[in-house]
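Values quoted throughout were computed directly from the atomic coordinates according to the rules given, and no laboratory measurement underlies them. This one's a predicted model, so the numbers in the text were calculated from it and none came from an experiment. Note that we place each Cβ from the backbone using ideal geometry, even for glycine, and neighbour counts take in every protein chain shown.
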């Protein structure tokens, strides 16, 4: 399994060519996994023709189908966007193009990013490459399955409550959700605007760091993007022995014993490097899921209001304007999205806003404050990425509460805007599981460096499937 | 019926005078072909985000300052959610709980009208309804607006109109908005209630879609009658949106409040809180001109009549030209006459104060006659040539040479023997007749004062 710098080296030596790598990746696209909604072979080949010397030259990249690439349909895995072709590219896409990256396809997701399994897609479920009876996680399940099965070297996802990290855990990959504002959201179709962040799913921390270096940084088109200078994320070799890592006890309750022991094994290995750990407590952890639900559903109800059939996408004509909207939206959205729009509309209504949205906003501030306080005692937090490994397809589709369970490990970082990365911790049976490192705002370099440290002392390639190698 | 007292408040939407829209770089223009000034952002396509126009913020602050408001260093944008074909995102970005300016006041005909708030928001698109279909023009989508809301301090339809006229002048004068009603750049939505009891307000209704001051006045008068009629019949006025027909002069209930939407306002997550520093507010304050009311007082103190001072002060173009000319020719009355008569009759042309002043100087020094001055001004407007050049080209220089004039006077006397005889007999009123004849003969170039003097002397000789 090669890193992006290793590919660049091989390209230089002429041992492999970008065209050869692309052909290999295209061959690895496994239709039964259903990782892609649109394969963009032509676009990728066109990209290869450009003379580029960038960091991502000739690297096939998969893009979650809620990030716009000019001229390629953006579906968000929804029937409501039928036929919509964006006339502009997301800022991250432009930055990747400038650095020579090529786009192999648009990947499957839970409709508009709303789900934890990539089952709730108008285009059918994506399957886990390690076990096709299991979900790949979600909502960036297509992006995880694509990288895990070797059809893309790296991919972009979006993470509103864990949508990049949880599939990375289920598919044995490194998944990064940057600090809110580190990466421009311009061109990412909004789900929960105050939580959404474009993330990266790769095979290792080095690749993820390089991709972050390309896409991170201020964008005048996104007023919530930060003007803070970016770090050198391609150099992850320094981890100070003086750092302290916290173990938040609440994150280790009600989890699979295999997950517990795997994450403890990671802790033991890091300790062996002379880094100290400390038990900490985050008592508001139990409020993360309800708070996340109220805020993300509220924002989603507003963000998805534009899909009315008037200007683009699916239209079902009715007897009046409002009837047309009703019919178009009814035919366009799947039940889970409708459920979230309805709940989101309710929590913002004048009779409920004080009890729900405003209260959730307050609790969100308490959660953030609690993280800030813990980060005065320690520099990082180590937690499981998910309570269990990937669950069977169909197990939770009728149970929205159970579907949200994995979010309790990940959504805290979204509510508090913190950077968090998930990386492989081991296998439970034939399924990988991950650990998570949460850092202080804008310390992407720090959390990726810890992952790099673990990678170097214990290469986990052994348990990663053969299919991932080219 | 006279014991019912109306209580009126007014909401005004004014379009800010910016080059581009509130959240994207599309030009703001009037009368362009439909859907030409649009982009992904103002069409609300999936994936777009708003970026705030700094000039719009500056103008909103300026409006707040001009209306004597408190400017808030932190204000917050909010989403107002509702479905309408002309609202491409399904929500309007506006300011709700934390507007940019609050607690202002202005004087209208000696009465203080309190301004509750001024906030920034984006315009929606325009629906064009045809018999079998509706079309939407998104050129206006995202155009920057300010909403200006008064406290219910207005007690008559006339007062409402006076307030609106004052507000419109302030916005125009400070270059905050062109505020042309016919272009929907200045839209008024008064709300009104009537009550008999002192200190107790009735249920209010909101009047929408008013296109002129006349419509504001008439609709409010009609609505007062309608509400009193309801109360007199022992019924209750319902909270409602009211429409007005200019044809019938009547108001009617368009939408009762029970059916009104719950807009589900919440803070706009795509825009951080708007922070403006005090220094910037001070800088904007320094750009504020004198308001029409204060200008009028100043002009009266320069000796202009109340009426003339009002006319000049109410136009920012006329008043700035007037003041610029005064710096060069310090003759307020003379200058004001030129502005009021000639400049206005030419339709307020774009003319430089320096040229204007030069022309007035030539008249004052007797170099050209007043009539020639008017001709020079008209020619300047047309050709932009310098006054001196026009005078030369058109041979407009006044004849004030006494010898030359005496010769012409003698000719005129000879040509009109009867009148000449009567003048000799002391019929002084004929002086005017002869001056007129001389002016006619010289095509207005003679200095009338000099002509008059020569003729008078001639009369005295006999």
Least to most buried among A:232, A:256, B:447 (fewest other Cβ within 10 Å first): A:232, A:256, B:447
Tilt relative to chain B, helix B:370-383 - C-alpha long axis, 0 to 90 degrees, to 10: 50 degrees
Rounded to whole Å, sorted largest first: equivalent-ellipsoid semi-axes of chain B, Cα gyration tensor: 57, 28, 21
Whole-angstrom gap from the stretch B:246-319 to the stretch B:111-188, using each part's C-alpha centre: 9 Å
Cβ-derived FRET efficiency at R0 51 Å, residue B:316 paired with residue B:236, nearest 0.05: 0.65
Förster radius 56 Å - calculated FRET efficiency between residue A:339 and residue B:155, Cβ distance, rounded to 0.05: 0.60
Sorted by Cβ neighbour density within 10 Å, fewest at the top, the residues B:338, B:280, B:252: B:252, B:280, B:338
Within the stretch A:1-45: backbone nitrogen closer than 16 Å to the residue A:132 label point (7 Å, Cα to C-beta): A:28-36
Angle in degrees between helix B:157-173 and the longest Cα principal axis of chain B, rounded to the nearest 10: 70 degrees
Relative contact order, percent, chain B [alpha-carbon distance under 8 Å, six or more residues apart]: 13 percent
0 to 90° range, to nearest 10: angle between helix B:353-364 axis and chain B longest Cα axis: 30 degrees
Alpha-carbon centroids, the stretch B:363-425 and the stretch A:92-157: separation in whole Å: 90 Å
Average beta carbon contacts from partner chains per residue of B:34-46, 10 Å cutoff: 4
Inter-chain Cβ neighbour average for residues A:183-194, partner chain, 10 Å: 3
Gained length - residue A:366 relative to residue A:229, 0.36 nm times residue gap less alpha-carbon distance: 46.5 nm
Shielding by partners, peptide A:301-309 (average Cβ within 10 angstrom, other chains): 6
Label point distance in nm, residue A:265-residue B:330, each placed 7 Å from Cα along Cα→Cβ: 9.6 nm
Sequence-separation-based contact order of the stretch B:76-155, relative, with Cα cut under 8 Å and 6+ spacing, percent: 27 percent
Sorted by Cβ density within 10 Å, fewest first, the residues A:391, A:191: A:391, A:191
Rounded FRET efficiency, nearest 0.05, which uses the C-beta distance separating residue A:23 from residue B:211 and R0 of 56 Å: 0.25
Estimated [θ] at 222 nm from DSSP helical runs (n ≥ 4, -39500 (n - 2.57)) normalised by residues in chain B, nearest 500: -12000 deg cm²/dmol
Separation in nanometres of the label points that stand 7 Å from Cα toward Cβ, at residue A:376 and residue B:378: 8.3 nm
Helix-only mean residue ellipticity at 222 nm for chain A, each DSSP H run of n ≥ 4 adding -39500 (n - 2.57), per residue, nearest 500: -11000 deg cm²/dmol
Approximate spin-label separation residue A:430-residue B:35, in nm, with each point projected 7 Å along Cα-to-Cβ: 5.3 nm
Mean separation of Cα contacts under 8 Å, 6 or more apart, over the residue count of the stretch A:314-470: relative contact order %: 17 percent
Paramagnetic label zone (point 7 Å from Cα along Cα-to-C-beta, residue B:198; backbone N under 20 Å) in the stretch B:144-170: B:152-156
